[in-house]
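The block underneath contains the structure these notes are about, expressed in structure tokens.
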Amino acid sequence: MSFEPNIVAFLCKWCSSAGADLAGVSRLEYKPNVIPIQVKCSGRVNPLYILKALKEGADGVLVSGCHPGDCHYVKGNMYARRRFAILRKLLEYIGIEPERFQVSWISASEGTKFAQVIDEVTESIRALGPQKKLTKVGFDE
Amino acid sequence: MSDIEGNIQAKAKKLLKDGTIKYFIGYENGSDPLHTTPCFIKKAEDVDKIVWNPLCVNNLAGYLTHDKKRELKKGEEEDKKPIGILVKGCDSKSLVQLLSEHRIEKDEVIIFGVPCDGVIDPKKLEKVLKDKNLSVNTIDSLTIQHDGKNYTVKVNGKKYSFPKDKIEMSKCSDCTQPNPIISDETFGEKVKKSDKKDYKTVEEIEALPLAKRWKFWSDQFAKCIRCSACRNVCPVCYCKECVVDSADLVITPQTTSSEKANKMPWLEKNVDPAENMFFHLTRMMHMAGRCINCGECERACPMNIPLSLLTKKLEKEVKEMFDYEAGIDVEAKPLLSIFEEDDPGDFIK
Amino acid sequence: MTSSNSFKAENFVIKKEDVAQFLKGLSDYTIYAPVQEEDTVLFKVIQNPDKIALHITNTVKSPKFVVLPQTETMLKVTKGKENSIKIDEPVLDEKNILFGIRPCDARGIAILDKVFSGDYKDPYYVKRRANTIMIGLACTDPHRNCFCTSVGGAPDSTDGLDMLWTDIGDLYFVTVLTKKGMKLVKETVIFSKATSENTRVMNKVHKTAHEKITEKLNADALPKKLENLFEDKYWDEVSMKCLGCGSCTYLCPTCYCFDINDIEYRDKVKRVRTWDSCQFSSYTIHTSGHNPRPNKENRMRNRVYHKYKYHHDNYNELGCVGCGRCITYCPVDMNLKATIKELAEK
Amino acid sequence: MENNPYKPEIAVIEKIREETTGPRAIKTFTVSFQDEKVKKSFTYKSGQTAMLSVFGKGECMICITSTPTKKGFLEFSVMLQGKVTSALHALKVGDTIGVRGPYGNDFPLDKWKGKNLLFIGGGIGQAPLRSVYLNALDNRKDYGDITLIYGARTLSDLAYKEEMFELEKRDDVNVFLCLDWKFGKDGIIDEEAEEGWVTINRKEPAKTKPRKGTSRFTGFVPEVVTAVKPSPENAIAVSCGPPIMIKYAVANLKTLGFKDDQIYTTLEMRMKCGIGKCGRCNIGSIYVCKDGPVFSMSQLEKIPKEY
């Protein structure tokens, strides 16, 4: 059976979720591997969420928010950017493929971009294979 | 007894006598001649216990927050007098960090600063002495003196000379802050150490291929027994309730049952690669822009996990990406609650 | 479970160069022995007998984890249709040998034996313990922080052991203490009967080790002394520098407190037992938020009381074997020996 | 694995009774074991506890509130408090839970034969008492006077309401109920609301004259104790409830002449194993899970005040 990655996507309510909706109503086709979780703002995404998602068996995590300057809460995504930059460096440093955690700015009008990002993320994670490094152990059978 | 030690004792004595401070946190001789240990002096007549020498490794700044976490006993009144504390250059950075985060306020502490020319790693010292056929078991007296590029160690009356890098804490070799940043009184002459931080050890890991990096770290973290020594010894890990304990820790009687029931078990108590990695990554995320690389976590780790390779990496990235250094400025805003328009964002699609 | 009284100890010797062969002959067993990796010496599963480091005084972590693992799955729960629940227990039939365990650590396990038997037997521990053979190595070079002789132990104590080996130069002197131990000797041919000369050397080695531990603490006085020191100010003073981490309890050979939690992963549930430490505030906190031991002084007092009074009340022996790990590895150099001394003099 | 004390038996929830509502709601679960053999072999005594499991959430120690004189089922009254209790409250009739036990000691009902029994309960503290007084009432001839004093904050916080009202009608048991506050319409404290609940003389509770047999009061439990004036002669008092209530109720009992060894209470602690191994529920050298939860005041005098 071919490997179908499980990807958790934290989407900000104001831009990226709306972008996803637009992709949907525009009947754009994109990969079904993503489990979207709506958050108020990408600044709301604690690095713990990302690590926890990986621990619970996600093969990859995507966080998506508004473009810089477009944040509904003015600067939430700017704070997020700093946090994610550090987390990515750390993950890479301890030997986790950087593609396991990706970030994207997608606005409400970018339905096409949303579909495209999802496809790209899915394919890049598919290429990596299942994520086992940070997944809870002792449950495989 | 050195002048510095005598002056510290005298000043502490004066402050204790006139009741300015509730107690003084310094160092005293430890369980064996290779160790000193933190001491809490409450009475003026006890100041003779205080020592100052290159074995004074502990970072004492973290103790300043301990009283705030204590639950008062029945009928006990909180002593609001300031605490006297001895800090080296690196320790003063932790202190500055605590002040900038308002964990303590300046009027709650009287700072005794000592310029520091490096401190000894007891583990390394034990090893080099062993090579000279000196077992810890047979050492009755030991004194250490700085001597240019070397340390002169006098053991049971006999002198030995060791190069600095053989017995010094590894954090000291590239120390850029040997003099206390903040102090109410400084004891001893200013010293000069390094001009530049040295990230060679970090770069060596960075240069490894991904799979090897993972092998290295997963092997290291496989050793972890999750005793929390690294967290508890950390001067800036002061939270009363730690996020990694939240599986079942509840803090107040006001917490509602649904809050308790829905508390996310971020971390399980299991000791396995995933949970251990989660613990250390979480700790590192919380250290970003706050860790001053005092090396206490690495020193405290009974399993000898090279944690400073993580903290140094953090320090390096924070400096490179955001030009930020923790523990320098009392007025500084925390790294993660500010941003610049041109923060790195190439990783974002 | 410990050495059976009916067995009469027998003495053998084994050449040092034959040890590897002896261990290779025990392929039915998982062998744990001290291994040095960089600066850390730990008990590990041995594939290659050459890696065993018997020269070091003791390992960082006590080998109690072989009988009481830090993490173990107690139950696996499968939820089926219509509220049916299936509970599976693990199969524990792995046979273990603890090779080169120091007498203090073996005594630690002998203390745990009593805790985990009694009115309620802990089947996980009991099963593992029954499947474990302990080959002790008499201590010849005690560490500065060792104080086994003050708490009822000795560098050549045989408590809990199936065999005690003593380094007597080119040979190991082997005292077989139980039938379980005798089985290993019978299975191989490399052991020969000890001569009286061997015995003489062995006794001398033991005597020298005894003499090296010069300090004798009055720990026996503590169970009585502590009766009146519960409210003493001493605890506030001595605990001030304590960080409240769990390294002392996790490394200790006699600490056995544990926690039981359910862990969910997707639709699967495991009930897992992990070590816990009385030094953590989450250890005693009630759901209401009330904590009977809110401060580090309360928790440190409990640790000392448990080892030197409560355990003594319940089992008539001290709950400490004097290995000194809690002193050696304490990040702030808390000195239990000094604490014992100070308490005994109160 | 044989005789694994950590392995719970599966029990089915047969009935759920909502005793009280609100943020600290109490529900009483009637459960019975799936396995007929276990159903027969599971025996317990009044005062003992059992470890309940909601698989995936964890375990918690709950006292058995049913009486061993009624066989075939167990009852547990659970107050909404934390993770496991919340999960329990979310269950429906027909759902399964895990039960292991029974653990701990019991109230020495055998020794109390021929004595007058006084039960003083507050809030959820009535749960362990209920097993005892129902047990004693089922063996009514073995005991002298049986008196229940039970208080709660308001009428809606009163657990086992219907049962208590039935007991009030009986002649062979004295029932004194009390409420901290009476609420009128719109939730305003109203001393006149709810007829029949006599406001106690707060300054001198001893001056309040209860009706013989049963009375309903507005006032705190310790005050009711003083008003009821139970005689210490050949009597045993058992008090369970919030610590502050126990403290003053015991003080008032002592004023009436009760001795330490005549007063019993129960303790609670954080527990994990239930069999005295995991360590955390110790008070001195005793473990509340296996040596408790029932203690007489004279026993409590001897152990450190660390609970």
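The values are calculated or read from the model by the stated rules, or taken from the named source; none is laboratory data. Here the structure is a predicted model, which is why all the values come from computation and not from measurement. Counting neighbours? That spans all protein chains shown, and the Cβs are built from the backbone with ideal geometry, glycine included.
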Item to check | Candidate set from the stretch B:1-44 (those that are assigned to a loop (DSSP other than H, G, I, E, B), of a type in the set (D, E, K, R) and farther than 14 Å from residue B:85 by Cα); member that is modelled with the lowest pLDDT | outcome: B:32
Checklist entry - Which residue, of D:93, D:99, D:78, is surrounded by fewer than 20 Cβ atoms within 10 Å (Cβ to Cβ) and not in a helix (DSSP H, G or I)? => result D:93
Next on the checklist: Out of A:70, A:59, I need the residue that is under 29 Å from residue A:3 (Cα atoms) and more than 7 Å from every other protein chain (Cβ to nearest Cβ). Which one?
Outcome noted: A:59
Checklist entry - Looking at residue B:210, is it in contact with a Gly (Cβ under 7 Å, 6 or more places away or on another chain), within 19 Å of residue A:94 (Cα to Cα) and either of a type outside the set (Val, Ile, Thr) or surrounded by 16 or more Cβ atoms within 10 Å (Cβ to Cβ) (or both)? => result yes
Item to check | Selected residue (criterion: farthest from the other protein chains (Cβ to nearest Cβ)) from residues of the stretch B:107-144 that are surrounded by fewer than 19 Cβ atoms within 10 Å (Cβ to Cβ) and among the small types (Gly, Ala, Ser) | outcome: B:141
Next on the checklist: Could you check the stretch C:277-289 and list, in sequence order, the residues that are part of a loop (DSSP other than H, G, I, E, B), of a type outside the set (Gly, Ala, Ser) and at the interface with another protein chain (Cβ under 7 Å from one of its Cβ atoms)?
Outcome noted: C:278, C:284, C:285, C:286, C:287
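Among the strands (runs of 3 or more DSSP E) contained in the stretch C:73-149, which hold 2 or more residues that are under 23 Å from residue C:182 (Cα atoms)?
Result: C:96-101, C:132-137.
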Checklist entry - Which one of the conditions (1) part of a helix (DSSP H, G or I); (2) closer than 23 Å to residue B:295 by Cα; (3) among the basic types (Lys, Arg) does residue B:68 fail to meet, given that it meets all the rest? => result (2)
Checklist entry - What number of residues within the stretch C:244-255 are facing another protein chain (nearest Cβ under 7 Å) and either of a type in the set (Val, Ile, Thr) or crowded, with 21+ Cβ neighbours inside 10 Å (or both)? => result 5
Item to check | Odd one out for residue C:225, checked against (1) outside any helix (DSSP H, G or I); (2) more than 14 Å from every other protein chain (Cβ to nearest Cβ) | outcome: (1)
Checklist entry - Counting only residues that are more than 14 Å from every other protein chain (Cβ to nearest Cβ) and buried (at least 19 other Cβ atoms within 10 Å of the Cβ), how many does the stretch D:58-75 have? => result 8
Checklist entry - Can you tell me which residues in the stretch D:218-251 are more than 20 Å from the chain's Cα centre (by Cα), within 24 Å of residue D:155 (Cβ to Cβ) and not aliphatic (A, V, I, L, M)? => result D:218, D:226
Next on the checklist: Quick test for you: out of C:333, C:313, pick the one residue that is crowded, with 21+ Cβ neighbours inside 10 Å and either not assigned by TED's automatic domain parsing to the domain that holds residue C:149 or not in a loop (DSSP other than H, G, I, E, B) (or both).
Outcome noted: C:333
Next on the checklist: Let me confirm something: among D:136, D:127, which residue is in a helix (DSSP H, G or I), under 23 Å from residue D:45 (Cβ atoms), within 15 Å of the chain's Cα centre (by Cα) and without any contact (Cβ under 8 Å) to a residue 40 or more places away in the chain?
Outcome noted: D:136
Item to check | Selection from the stretch D:287-307 of residues that are farther than 16 Å from residue D:125 by Cβ and more than 14 Å from chain C (Cβ to nearest Cβ) | outcome: D:296, D:298, D:299
Item to check | Filtered residues of the stretch C:175-219 (kept if surrounded by 15 or more Cβ atoms within 10 Å (Cβ to Cβ), of a type outside the set (Lys, Arg) and more than 30 Å from residue C:132 (Cα to Cα)) | outcome: C:217, C:219
Next on the checklist: Among the residues that make up the stretch B:66-84, is at least one of them within 17 Å of the chain's Cα centre (by Cα) and not assigned by TED's automatic domain parsing to the domain that holds residue B:139?
Outcome noted: yes
Checklist entry - Take the residues of the stretch C:81-130 that are under 23 Å from residue C:320 (Cα atoms) and over 18 Å from the mean Cα position of the chain (by Cα): which is nearest to the other protein chains (Cβ to nearest Cβ)? => result C:120
Next on the checklist: So for the stretch C:326-339 (the condition being in contact with a strand residue (DSSP E or B) (Cβ under 6 Å, 6 or more places away or on another chain), modelled with pLDDT of 90 or more, at the interface with chain B (Cβ under 8 Å from one of its Cβ atoms) and over 23 Å from residue C:105 (Cβ atoms)), does at least one residue qualify?
Outcome noted: yes
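I need a count of the residues in the stretch B:220-241 that are at the interface with another protein chain (Cβ under 9 Å from one of its Cβ atoms) and either without any contact (Cβ under 8 Å) to a residue 24 or more places away in the chain or polar (S, T, N, Q) (or both). Spell out how you get there, then give the answer.
Taking the stretch B:220-241 and keeping what is at the interface with another protein chain (Cβ under 9 Å from one of its Cβ atoms), we get B:221, B:223, B:225-233, B:240-241.
Still in the list and also either without any contact (Cβ under 8 Å) to a residue 24 or more places away in the chain or polar (S, T, N, Q) (or both): B:228, B:232, B:241.
So the answer is 3.
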Item to check | One residue from D:113, D:71 being outside any helix (DSSP H, G or I), over 15 Å from residue D:26 (Cα atoms), in contact with an Asp or Glu (Cβ under 7 Å, 6 or more places away or on another chain) and not small (Gly, Ala, Ser) | outcome: D:113
Checklist entry - Among the numbered criteria (1) surrounded by fewer than 23 Cβ atoms within 10 Å (Cβ to Cβ); (2) more than 9 Å from every other protein chain (Cβ to nearest Cβ); (3) at positive phi, which single criterion is violated by residue B:319? => result (3)
Checklist outcome for this item: Within the stretch D:77-120, of all residues that are more than 14 Å from chain B (Cβ to nearest Cβ) and among the charged types (D, E, K, R), the one nearest to the chain's Cα centre (by Cα) is D:106
Next on the checklist: Need pairs with beta-carbon distance below 7 Å; first residue within 14 Å of chain C (Cβ to nearest Cβ) and within the stretch D:6-24, second outside any loop (DSSP other than H, G, I, E, B) and modelled with pLDDT under 90; sequence gap 6+ or separate chains.
Outcome noted: D:10/C:85; D:23/B:257
Next on the checklist: Take the conditions crowded, with 19+ Cβ neighbours inside 10 Å, in contact with a helix residue (DSSP H, G or I) (Cβ under 6 Å, 6 or more places away or on another chain), more than 12 Å from every other protein chain (Cβ to nearest Cβ) and over 28 Å from residue B:328 (Cα atoms) and apply them to residue B:16. Does it pass?
Outcome noted: yes
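Going by what's in this entry, would residue C:271 be described as free of Cβ contacts under 8 Å to residues at least 60 places away in the same chain, basic (Lys, Arg) and under 19 Å from residue D:276 (Cα atoms)?
no
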Next on the checklist: Looking only at strands (runs of 3 or more DSSP E) that lie completely in the stretch B:91-176, which have at least 3 residues being within 19 Å of residue B:188 (Cα to Cα) and in contact (Cβ under 8 Å) with a residue 12 or more places away in the chain?
Outcome noted: B:109-113, B:142-147
